1. What is the extension gain from residue B:34 to residue B:47, computed as 0.36 nm multiplied by their sequence separation minus the C-alpha to C-alpha distance, in nm to one decimal?
2. If we hang a label 7 Å off Cα along the beta carbon direction at residue B:69, how far is it from the matching labels on the other copies, in nm, shortest first?
3. 5 Å is the cut-off here: which amide hydrogens, built 1.01 Å from N in the peptide plane, fall below it relative to residue A:59, excluding neighbours closer than 5 in sequence?
4. In peptide B:20-30, what is the residue-averaged number of other protein chain Cβ atoms found within 10 Å of each Cβ?
5. Count, for each residue of A:32-40, the Cβ atoms from other chains sitting within 10 Å of its Cβ, then give me the mean as a whole number.
6. Where does the charge balance sit around residue A:12 when Lys and Arg score +1, Asp and Glu -1, over other residues with C-beta under 13 Å from its C-beta?
7. Using amide H atoms built in the peptide plane, which far-off residues or other-chain residues are under 5 Å from residue B:68 H to H?
8. Tell me the distances, shortest first, between residue A:51 and the same position across the other copies, using label points 7 Å along Cα→Cβ, in nm to one decimal.
There are 2 protein chains.
Amino acid sequence: MSADPLSLVFSALADPTRRDMVARLTVADATVNELAAPYDVTVQAVSKHLKVLEEAGLVSRSREAQRRPVHLEAEIFDLMTAWIERYRRQAEERYRRLDDVLRSMPDDVEPVLPPNPPETGAPT
Amino acid sequence: MSADPLSLVFSALADPTRRDMVARLTVADATVNELAAPYDVTVQAVSKHLKVLEEAGLVSRSREAQRRPVHLEAEIFDLMTAWIERYRRQAEERYRRLDDVLRSMPDDVEPVLPPNPPETGAPT
DNA sequence: CGTCTATTCAACCAGACGGTTGACGAGCGG
DNA sequence: CCGCTCGTCAACCGTCTGGTTGAATAGACG
């Protein structure tokens, strides 16, 4: 098992059908059957997709009669954005630094002024 | 082939080893052997991972003697952030709206599910 | 009770995935 | 030229994945 949350979320969203389900769930909660309707697959397949999304923490299911309304848990997105932003920022900073280095032939790499204060996604 | 860029990027980053390689590449370009060093797998496996990252547009390889320095292409991150932010925003807005609805309690509210085909060519 | 609807579980299948080993091409260096 | 290192290609293997069909469970309803 992948176990680690980031992998689960990324791989959950690596599937177009699952991404589309997530997209639709941003509009409203839906039952499995409702979700399955637009797609050209069986409801069982959609149920599996939902399981994947649920294990990734992207959706939750409640119980309402015999229906299982699916609800989006959008906070999980933050997990990804945190990761992405962190390394994007790091990459950008590196390019700036490289530019500097190329100018002066390095013997000591000096931390260049970060134009963006690391407040948005400052992870550990 | 999944073909669609978003799926390629998400699934490329769904692997911890690949994520780690990307993380390291934000610091500096590296050769395949350098990249492979920390991991407990053969250099061939790493080469495969790089192929995946390259096909996702996350890295590019140049040629320098018999070495193939790997370079991160960080702009691709924007593809993901665009998607994520879009739907996160949409979800947040929906919650606000729902809150509103719950306050006024109309009796003719019905869930409207805009049929969205399982395709990710983000229609804008 | 029996049945209908909504959903999941189980078994199966083809294909992709991550890994291996082994062989091969490209360049440097003796 | 020979040999070495760097990297990829090819074949193979076990596991995961996305899909199927068919059966099972849970609750509403007559």
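Bear in mind that the values in this text are calculations on the coordinates, not laboratory data. On a predicted model such as this, the values are computed, not experimentally measured, just so you know. All Cβ positions, even for glycine, are placed from backbone atoms using ideal geometry, and neighbour counts span all protein chains on display.
1. Gain on stretching residue B:34 to residue B:47: 3.5 nm.
2. In nanometres, ordered from closest: 5.7.
3. Correct list: A:54, A:73.
4. Whole-number average of other-chain Cβ neighbours for B:20-30 is 3.
5. 2
6. Counting the neighbours of residue A:12, the net charge comes to -2.
7. Sorted by chain and number, the residues that satisfy this are B:32.
8. Going from nearest to farthest copy, the values are 3.1 nm.
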